[in-house]
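Participant: After the structure tokens below, expect a handful of questions from me.
Every number here is computed from the coordinates shown, using simple stated rules; none is lab data. As the structure is a prediction and not an experimental result, all values here were calculated from the model. Here the Cβ positions follow ideal geometry from the backbone for every residue, glycine too, while neighbour counts run over all protein chains shown.
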Amino acid sequence: MTTAHLRLRAATLSLALSAAPCAASAEEAKPYPQAFNGDGAITAGYSLSRWAEDWTSMADAEKRDDPLDRLKYIPLDDDGNVYLTLSGELRLRVNHTTNPNLRDAEAQRQDINRVVGAADLHLGKHLRVFGELAHGGIAGVNLGTPTTSLRNDLVVQQAFVEGMAQIGTVDVGVRYGRQEFVDGPNILTSQRDNNTIRYTLNGWRAYARGSKLRFGAFDFWPTEYGNRGFGDDQHDSARRFSGATVGVMLPGTILGSKSTVAFDAFVWRRRNDVGAWGGRVGPATRYYLGGWLRGDVGRVNFDWSVNRQWGHYIDQDISAWQAFIAQSYRLGDSKTAPRVGVHFDYASGGGGYGDGKLRNAYAPFGNNIYYSYQLYLTPSNLRAVTPNVSFAPFKGARLLAEYEFAYRDNVNDAVYRANGQPFAGTQNGRARKIAELARLQLTWTITPRLSFTGRYEHLQAGPALTDAGYKSSDFLAGWISFRF
């Protein structure tokens, strides 16, 4: 899909949406719900992507609770149309992992700090400039060689310009520069907040959003971070990610009761000139066609997505599938009532160490801690079922308990870790079971700005790993985050 085709689609959809008789005037138009518009959810005014936040309410002095609130809306002209929003984060974290890399070895301890500062300059209603700097520090025991996403003196984490307008009842815009992108299922696209330096891409993203229908298109190259300051970060020209999404808010009664449900259809292309499977390195082009349904129906919350993958890797055709089916049920009317749930995950495997088609599924840059906080699993050659329960042990806190059973889809192929690399020696085995994983996570919002998270995970290695000499592992982490 070429850039010209994507731009033409965006323009065509924008005109179609603006012509729809869904509202009498721009003043009556309702925005597409924030939780489903592709920018990420906002909780208590805050988002992981800080540019998604709207702090214009802080123009009213009566709504400011402390001096930091003044930094959220700094008017730069008399009428307040030109204003600056400042934001930042300080995160201190400790990780402890036994048997790192699932080998019989000294435990690893990581003492990690993150410092982030950002400025969002709004130049009227139609133009904004956003910039974000980040620092990542790490010390500890048995560290090995930390990646640039863990140790980095200073990076330009994000820097983009965005033009915005309203055509009839439709909000349209184009964002160009370095930015986070999460317009897809979390297991496929994520800022990867588990890292100290977040995952970002470079290029453009366009959108058109009515009250019930939206369209998005993008063309990106990942950021390749250096580690000597912000002057050595560059585009990764060997990889390119592009595509388009159409989303719709379904009628509130479509499932028989009052509901809030969104459906997205997406088509993506990922090119990688240095793809690696089965010890070979070569060019790969992978296409994705998927659907994503998620929302709330009464006490049920669900997040379902399926995608089909095809393309070419060196001399192999690609033919793969992924399905992520998660749901939970609230045991009471209160939003803080306990929840019980389960998620089923499937990622096809096979062909990585053999002839014929490459059936290993691949997630472009998903949230791998969904499967393993030690980053020992990823949605390639994987079947998993995970029952869970969550409840509020005290005000502002949420405790989640999960127990996961993980198997490989194809026993002749390897077990893959979060970076896409195989556990050496696990290919061509006889056992299907990878591991059982027990997890506990406590999230405590002490104040809207201050939060604490504690995580524990035990990975009990199954025969797919132990037959190749790998061990079980425990992971314990805690961190405190302050943001404004």
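Participant: Could you state the orientation-averaged shadow area of the convex hull built on the Cα atoms of region 41-101, in nm² to one decimal?
Facilitator: Averaging across all directions leaves 6.7 nm² for the Cα convex hull.
Participant: How much FRET efficiency would the formula 1/(1 + (r/R0)^6) give for Asp333 and Ile446, where r is the Cβ-Cβ distance and R0 is 25 Å, rounded to 0.05?
Facilitator: So, using R0 = 25 Å, E works out to roughly 0.45.
Participant: Convex hull over the Cα atoms of region 3-483, averaged projected area in nm²?
Facilitator: With every direction weighted equally, the projected area is 23.4 nm².
Participant: Here's another thing I want to ask about it. Taking the Cα centroid of region 419-484 and of region 344-395, what is the distance between the two, rounded to the nearest whole Å?
Facilitator: 12 Å
Participant: From the backbone phi of region 62-76, what are the Karplus-calculated ³J(HN,Hα) couplings (6.51 cos²θ - 1.76 cosθ + 1.60, θ = phi - 60°) in whole Hz, Gly and Pro given as x?
Facilitator: 5, 8, 8, 9, 7, x, 5, 4, 5, 6, 7, 8, 10, x, 10
Participant: If eta is 1.306 mPa s and T is 10 °C, what Stokes-Einstein diffusion coefficient results for region 331-484, Kirkwood Rh from Cα pairs, in µm²/s?
Facilitator: In µm²/s, the coefficient is 94.
Participant: Find which of Pro222, Phe160, Leu250 sits farthest along the positive direction of the dipole of the chain, computed with +1 on the beta-carbon of Lys and Arg, -1 on that of Asp and Glu, about the Cα centre.
Facilitator: Value: Leu250.
Participant: Order 116-127, 314-325 from most to least packed using the mean count of other Cβ atoms within 10 Å.
Facilitator: 314-325, 116-127
Participant: Given labels modelled 7 Å from the Cα in the Cβ direction, how far is it in nm from Asp355 to His312?
Facilitator: According to this spin-label approximation, the distance is 2.0 nm.
Participant: For the chain, what is the calculated [θ] at 222 nm in deg cm²/dmol (nearest 500), taking -39500 (n - 2.57) for each run of four or more DSSP H residues and dividing by its residue count?
Facilitator: -1500 deg cm²/dmol
Participant: Any idea how far the Cα center of region 106-182 sits from the one of region 312-334, in Å?
Facilitator: Cα centroid of region 106-182 versus Cα centroid of region 312-334: 27 Å apart.
Participant: How big is the charge dipole of the chain about its Cα centre, in debye rounded to the nearest 20, if each Lys and Arg gets +1 on its Cβ and each Asp and Glu gets -1 on its Cβ?
Facilitator: The dipole magnitude comes to about 920 debye.
Participant: Note down the relative contact order for the chain as a percent, whole number, built from C-alpha pairs under 8 angstrom at least six residues apart.
Facilitator: That works out to 11 percent.
Participant: With 10 angstrom as the radius, rank Glu89, Glu457, Glu106 by how many other C-beta atoms surround their C-beta, starting from the fewest.
Facilitator: Glu106, Glu89, Glu457
Participant: Same structure, new question: Residue separation times 0.36 nm, minus the C-alpha to C-alpha distance between Leu143 and Ala41: what's the value?
Facilitator: My answer for the length gained is 33.4 nm.
Participant: Would you please put 387-394, 34-41 in order of how densely packed they are, using the mean number of other Cβ atoms within 10 angstrom per residue and starting with the highest?
Facilitator: The packing order, highest mean first, is 34-41, 387-394.
Participant: Oh, and also: Cβ neighbours within 10 Å, averaged per peptide: list 284-297, 182-195 in order, most packed at the top.
Facilitator: Answer by packing, highest mean first, reads 182-195, 284-297.
Participant: I'd like the Karplus ³J(HN,Hα) series for region 345-354: coefficients 6.51, -1.76, 1.60, θ = phi - 60°, whole numbers in Hz, and an x wherever there's a Gly or Pro.
Facilitator: 10, 9, 9, 5, x, x, x, x, 10, x
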